[in-house]
Amino acid sequence: MDGSATTSAIDKDTRRAIEDFIVDYAHMIDDDRLEEWPDYFTEKCTYRIINRENFVRERVVGVMECSSRGMLEDRIKALREANVFEPHWYRHILSGTRIKGRNGDLFQVETSFTVIRTLQEGDMSVFSAGKYVDEIIVEGGKPLFQKRVVVCDSNRIHTLIVIPI
Amino acid sequence: MDGSATTSAIDKDTRRAIEDFIVDYAHMIDDDRLEEWPDYFTEKCTYRIINRENFVRERVVGVMECSSRGMLEDRIKALREANVFEPHWYRHILSGTRIKGRNGDLFQVETSFTVIRTLQEGDMSVFSAGKYVDEIIVEGGKPLFQKRVVVCDSNRIHTLIVIPI
Amino acid sequence: MDGSATTSAIDKDTRRAIEDFIVDYAHMIDDDRLEEWPDYFTEKCTYRIINRENFVRERVVGVMECSSRGMLEDRIKALREANVFEPHWYRHILSGTRIKGRNGDLFQVETSFTVIRTLQEGDMSVFSAGKYVDEIIVEGGKPLFQKRVVVCDSNRIHTLIVIPI
């Protein structure tokens, strides 16, 4: 069985801090506080959206790829300026954060998710489902993403994902 | 970053009690034990269903509004007597309860949710998505809603929500 | 109120172990590590998929029924050999595990779920919603399902559920 890392290996406060961090990230996006998005990452970082097939075959062919906090900031600025897309909301529903391993202050973490999208007129649909595969560094009790890979179950990811997942 | 209140500020047992309470509420509705619904609220209380746009603009224009346990009881009685709607089930899926602040025994809490509705013939769909914005009072280790605001992402809320969310 | 069993009655580590176990099970299926599926059950066990109506009326008329680890193994072998169905992925989203009671090492546990199915071409939909009604035995800190009943809200369960839920 490929279980979660035993709780004995990770102190409860660190685990709680990581779980809260992942939840806070989801609320940040859903609350449209996107300017805070880069604050969740280390200065040098990886943010990648990739489909499941490419992820499993270890092809690094992401739909979106950012490698620094600056790139994340640029992305949000562009999004705010463009603003041409049909208004819509995301709602992230997370499920079962697993801490799969650790290496000093660096934690390997996986969390399943689905995103429900609501268009301004009111139509709701399942926009995305998949899992986050994260590397989270915890320093002074404060977690940050060193790497967040969004693995989407669907091969047909919207080529223009405007809002980050 | 608008993070969750630090765990240090809230003892773990109180936090667990609040999280369990929110989970129990969802099961109560999904199990069709609606007569228990008013028991989750203080005698004087607020239960409001509102769309996101009105909530953000601080307009108190709810789709449903109750201000006492008695009103909640009346609502359930009416629902049981009327019973004209097409039979359906709800399934609440909750995500990531955040304790955002406290003031003595009163806690500000937010939880994202989606509700999957299943019609008797079997059709399933996303009925609602949004977040609960709660004020929960904890006395003697027992939480109760002083205020539960159901903020729906969609502007097009069914005008006749029969079962509470 | 039909609340969760008080935390005082169950030590926190046991509760965490049970919650992690339920999360690990979901990831095992979604990661397509189905050969591990039987390892989550005791040698003699019950795995049943049933609709809500039959469950409530205590009719044991399941859509799928297995009574030993061997039967679970056979099922996965058959699934791997047949492999005729349209390729698809599941994504389990769990919500709010409740420990409802205990009897020595045996715990009664309920967890709401929804399953998002993604077809290879990319179409996503709500495949199932309902709740797990479990009896979990914990020995030496290690949980196993003695009984897992998957209660589906919909009466129209796919007669050929290939992948377990």
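The values are calculated or read from the model by the stated rules, or taken from the named source; none is laboratory data. Only a predicted model underlies this, so the values are computations on that prediction, with no experimental measurement involved. Cβ atoms come from the backbone with ideal geometry, glycine included; neighbour counts cover every protein chain shown.
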- Message: Could you check the stretch C:25-52 and list, in sequence order, the residues that are within 11 Å of another protein chain (Cβ to nearest Cβ), over 26 Å from A:Lys100 (Cβ atoms) and not in a helix (DSSP H, G or I)?
- Response: C:Asn51
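Please go through the stretch B:83-116 and give me each residue that is without any contact (Cβ under 8 Å) to a residue 12 or more places away in the chain and on the phi < 0 side of the Ramachandran plot, ordered by number.
Correct list: B:Val84, B:Asn103.
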- Message: If I ask for residues that are more than 30 Å from C:His92 (Cβ to Cβ) and at pLDDT 85 or above, which ones from the stretch A:82-104 would you list?
- Response: A:Gly104
- Of all residues in the stretch B:117-151, count the ones that are more than 9 Å from chain C (Cβ to nearest Cβ) and free of Cβ contacts under 8 Å to residues at least 12 places away in the same chain. 1
- Is the stretch C:15-28 home to any residue that is hydrophobic (A, V, I, L, M, F, W, C), crowded, with 17+ Cβ neighbours inside 10 Å, without any contact (Cβ under 8 Å) to a residue 60 or more places away in the chain and touching a strand residue (DSSP E or B) at 6+ places or on another chain (Cβ under 6 Å)? no
- Give the residues of the stretch B:108-138 that are small (Gly, Ala, Ser), over 11 Å from the mean Cα position of the chain (by Cα) and over 24 Å from C:Ile157 (Cβ atoms), sorted by residue number. B:Ala129
- Given (1) more than 14 Å from chain A (Cβ to nearest Cβ); (2) in contact with a Gly (Cβ under 9 Å, 6 or more places away or on another chain); (3) crowded, with 16+ Cβ neighbours inside 10 Å, where does C:Ile10 come up short, assuming only one miss? (2)
- Message: Can you list residue pairs whose Cβ atoms sit under 8 Å apart, with the first residue in the stretch B:39-64 being farther than 16 Å from B:Cys152 by Cβ and the second being small (Gly, Ala, Ser) and crowded, with 16+ Cβ neighbours inside 10 Å? Count only pairs 6 or more apart in sequence or on different chains.
- Response: B:Glu43/B:Ser68; B:Lys44/B:Ser68; B:Cys45/B:Ser68
- Message: Looking at the stretch A:77-94, can you tell me whether even one residue there is crowded, with 21+ Cβ neighbours inside 10 Å and among the aliphatic types (A, V, I, L, M)?
- Response: yes
- Query: Can you pull out the residues in the stretch C:111-135 that are surrounded by fewer than 21 Cβ atoms within 10 Å (Cβ to Cβ) and either among the charged types (D, E, K, R) or in contact with a His (Cβ under 7 Å, 6 or more places away or on another chain) (or both)?
  - Reply: C:Arg117, C:Leu119, C:Gln120, C:Glu121, C:Asp123, C:Glu135
